[in-house]
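What follows is a set of notes on a single structure, which appears directly below.
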Amino acid sequence: MLFSLAVIFLVGSLLGKLFEVFGLPRLIGMLLTGIVLGPYVGNVITGSLLSISADLRQIALIIILTRAGLSLNLNDLKQVGRPALLLCFVPATLEILGTILLAPRLLGFNILQAAVLGTIIAAVSPAVVVPKMLGLMQKGYGVKKSIPQMVLAGASVDDVYVIVLFTAFTSLAMGGSVRPIAILTVPIAIGTGILVGALCGLLLTKLFSRLHMRDTTKVGILLSVAFLLVSLEQVLEGIVGFSGLLAVMALGVVLQQRMPKVSNRLSRKFSKMWVGAEVLLFVLVGATVNISYATKAGLAAILLIGGALVFRVAGVFISLWKTELTRDERVFTAIAYMPKATVQAAIGGIPLAMGIPGGEIMLTVAVIAILVTAPVGAILIDSTHKRLLAKSE
């Protein structure tokens, strides 16, 4: 495992830097590192590390979402209002509907199989989107109209919404049933996640204000509470809806509101942690990609992903209807909602493991969605933000 970790960090960092030198996003080099070193190509990464890959990827996500919460000003989000709320649901819903319309024609799926596939590919990737939006906030691009903040918040809720629908559709595909109350899981998970995270944020605010401790100690406490919140989601599964990752973000937001100076210092600490976590996250996502599935996919899968993205873009424009955003700013928001990686890597193989008909094709489409949208989306965000967004000093 030590050898595997050494190779991951050395090769992933160097290849990421190489791509950066050529003006491309670092994550492409890291994804390629994972594909080459992973079990389906070079088989360099040991199985013991791959067995805990999902947990390590989740730790990296917790780090970046905690940093996002510490950087997110709630007042900016309140100014956005309705569009921020619609971006949580409308683009994903339209992408799922687009997949239901296109998959039977392109892949020969029935409606239920198409719905399962739609929920697999519909989720935007917080691992790609969140660090990109944080970078834009630091540089001042789009912050006057809270565009990065809006995308950042919407992408986090988007995942909760899609994963709940995925659970419901896979249950139906296995011959089960979905109770009407299951529809309430989405708002309950969002509400309880925000509430519990906010309460934890208030408690930590009192702790940090009464007890003098180094910022490094505060980071350790904050990270430990974040781990507990995500663990609580697993404990409450099947009992009540709860989003651990949203709770982590809410925790950071409350700290930012109550202790802005402390939050800024902690955010810088988490930025440094992200340097290593980013390499680990994207290399391990790359390691989940079975390149042989991608080569078998053919044109139909690529057309499906492209067609579904058209529906997603339409959803973004509907969400931003009658807002003050210019056409360029709306185009950028649609671009920022393109990348897919972490959710697809996590759930893409579940239908195949469950024995759902068409599971192998679903996994193939999930793999292609990662290989196409993650690098293309990242490149477009990096290459268009200066032209499409206004910069504030």
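The values are calculated or read from the model by the stated rules, or taken from the named source; none is laboratory data. This one's a predicted model, so the numbers in the text were calculated from it and none came from an experiment. With ideal geometry, Cβ positions are generated from the backbone for all residues, glycine too; neighbour counts draw on all protein chains shown. For the accessible areas, the whole protein counts, side chains as well, though only heavy atoms, and no ligand, DNA or RNA atoms are used. Shrake-Rupley method; radii C 1.70, N 1.55, O 1.52, S 1.80 Å.
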For the list (1) without any contact (Cβ under 8 Å) to a residue 12 or more places away in the chain; (2) charged (D, E, K, R); (3) more than 30 Å from residue 51 (Cα to Cα), I need the number of the one condition that residue 272 fails. (3)
Criterion first (buried (at least 20 other Cβ atoms within 10 Å of the Cβ), in contact (Cβ under 8 Å) with a residue 12 or more places away in the chain and over 12 Å from residue 279 (Cα atoms)) does residue 28 satisfy it? no
Just one of 97, 85, 117 is crowded, with 19+ Cβ neighbours inside 10 Å and either in a helix (DSSP H, G or I) or in contact with a helix residue (DSSP H, G or I) (Cβ under 6 Å, 6 or more places away or on another chain) (or both); which is it? 117
Condition check for residue 312: touching a residue at least 40 places away in the same chain (Cβ under 8 Å), in contact with an Asp or Glu (Cβ under 8 Å, 6 or more places away or on another chain) and more than 21 Å from residue 118 (Cα to Cα): no
Residues being open to solvent by less than 20 Å² (accessible area, probe 1.4 Å) and within 13 Å of residue 375 (Cβ to Cβ): count how many of those fall in the range 1-25. 2
For the range 22-42, which positions are part of a loop (DSSP other than H, G, I, E, B) and under 18 Å from residue 367 (Cα atoms)? 38, 39, 40, 41, 42
Within the range 203-220, work out how many residues are closer than 12 Å to residue 251 by Cα and loosely packed, with under 15 Cβ neighbours inside 10 Å. 1
Positions within the range 296-342 being among the basic types (Lys, Arg) and open to solvent by 20 Å² or more (accessible area, probe 1.4 Å), in sequence order: 296, 322, 327, 330
Inside the range 100-110, can you point out the residues that are open to solvent by less than 50 Å² (accessible area, probe 1.4 Å), farther than 21 Å from residue 159 by Cα and assigned to a helix (DSSP H, G or I)? 102, 103, 104
Can you report the number of residues in the range 72-82 which are farther than 12 Å from residue 154 by Cα and either surrounded by fewer than 24 Cβ atoms within 10 Å (Cβ to Cβ) or touching a strand residue (DSSP E or B) at 6+ places or on another chain (Cβ under 9 Å) (or both)? 6
Suppose we filter the range 31-59 for residues that are open to solvent by 50 Å² or more (accessible area, probe 1.4 Å), within 22 Å of the chain's Cα centre (by Cα) and of a type outside the set (A, V, I, L, M); how many remain? 3
Do you know which of the residues in the range 218-257 that are without any contact (Cβ under 8 Å) to a residue 60 or more places away in the chain, touching a helix residue (DSSP H, G or I) at 6+ places or on another chain (Cβ under 9 Å) and not in a helix (DSSP H, G or I) is nearest to residue 154 (Cα to Cα)? 242
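To keep it simple, each residue is scored yes or no on (1) under 15 Å from residue 203 (Cβ atoms); (2) charged (D, E, K, R); (3) in contact with a Phe, Trp or Tyr (Cβ under 8 Å, 6 or more places away or on another chain).
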| site | (1), (2), (3) |
| --- | --- |
| 216 | no, no, no |
| 237 | no, yes, no |
| 247 | yes, no, no |
| 252 | yes, no, no |
| 269 | no, yes, no |
Restricting attention to the range 150-163, report how many residues are touching a Ser or Thr at 6+ places or on another chain (Cβ under 9 Å) and closer than 21 Å to residue 67 by Cα. 9
Using beta carbons and a limit of 7 Å, which pairs, at least six apart or on different chains, have the first residue in the range 140-166 and under 25 Å from residue 117 (Cβ atoms) and the second one in a helix (DSSP H, G or I) and polar (S, T, N, Q)? 151/333; 162/119; 164/185; 165/119; 166/119
Could you please give the count of residues in the range 120-134 that are in a helix (DSSP H, G or I) and either open to solvent by less than 20 Å² (accessible area, probe 1.4 Å) or among the acidic types (Asp, Glu) (or both)? 10
One residue from 147, 121, 111, 96 being over 20 Å from residue 363 (Cβ atoms) and either aliphatic (A, V, I, L, M) or touching a Phe, Trp or Tyr at 6+ places or on another chain (Cβ under 6 Å) (or both): 147
